[in-house]
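Here is the structure we will look at, set down as structure tokens.
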């Protein structure tokens with residue numbers, strides 16, 4: 001049976017029990033020494049992978065602490081080849097069940113691991129607007145926020161670099 005603290009707290013968690021002849025499987029505990037007869041599994045969180053993944057008690061505690069939310073719940077809302085305003089990303093994550101503080105924590109982790117990138121874009125009379133991208137983006141010097149166009153979902157597109165003007 002799934003340990004009581006993890007029941008109902010973590011979706012997509014299943015328990016495998018090898019009771020009668022479990023010793024034949026030679027399942028080992030995390031220390032690798034003693035036999036065990038239970039394994040906890042769940043679906044892979046990677047969007048391009050369909051498989052079962054073994055979960056350890058440590059994984060379960062982390063998932064429970066984050067209410068089952070991981071960095072994948074943040075990164076899936078970042079558009080592939082466009083930019084999204086950081087505040088819009090936080091808002092979208094909140095609408096999808098990830099709290100503001102957890103979103104900030106997971107977003108910081110993604111930024112530190114270079115899986116997402118911040119792009120500060122200047123705007124007239126205000127602080128720069130922070131946009132998030134999946135790839136490193138370098139804007140042309142002096143480019144302001146109003147030079148970027150937005151699509152119907154509010155994501156920003158990056159204008160193609162302009163060739164330098166030739167002096168006559």
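Only residues in segment 138-165 that are farther than 25 Å from residue 77 by Cβ count as the first member; pair them with residues that are modelled with pLDDT of 85 or more and in a loop (DSSP other than H, G, I, E, B), Cβ under 8 angstrom, at least 6 apart or cross-chain, and list the lot.
Note: pairs meeting the criteria are 144/124.
Out of 122, 136, report the one residue that is in a loop (DSSP other than H, G, I, E, B) and either touching a strand residue (DSSP E or B) at 6+ places or on another chain (Cβ under 7 Å) or closer than 22 Å to residue 44 by Cα (or both).
136
I'd like the full set of residues that are without any contact (Cβ under 8 Å) to a residue 12 or more places away in the chain, surrounded by 13 or more Cβ atoms within 10 Å (Cβ to Cβ) and within 14 Å of residue 133 (Cα to Cα), limited to segment 67-119.
Scanning segment 67-119 gives a single hit, 111.
Could you name every one of the helices (runs of 4 or more DSSP H) located completely within segment 1-98 that has at least 3 residues being at pLDDT below 80 and farther than 30 Å from residue 123 by Cβ?
57-65
The values are calculated or read from the model by the stated rules, or taken from the named source; none is laboratory data. Computed from a prediction, not measured in an experiment: that's the story for all the values here. Please note: Cβ atoms are built from the backbone with ideal geometry, for glycine as well, and neighbour counts cover all protein chains shown.
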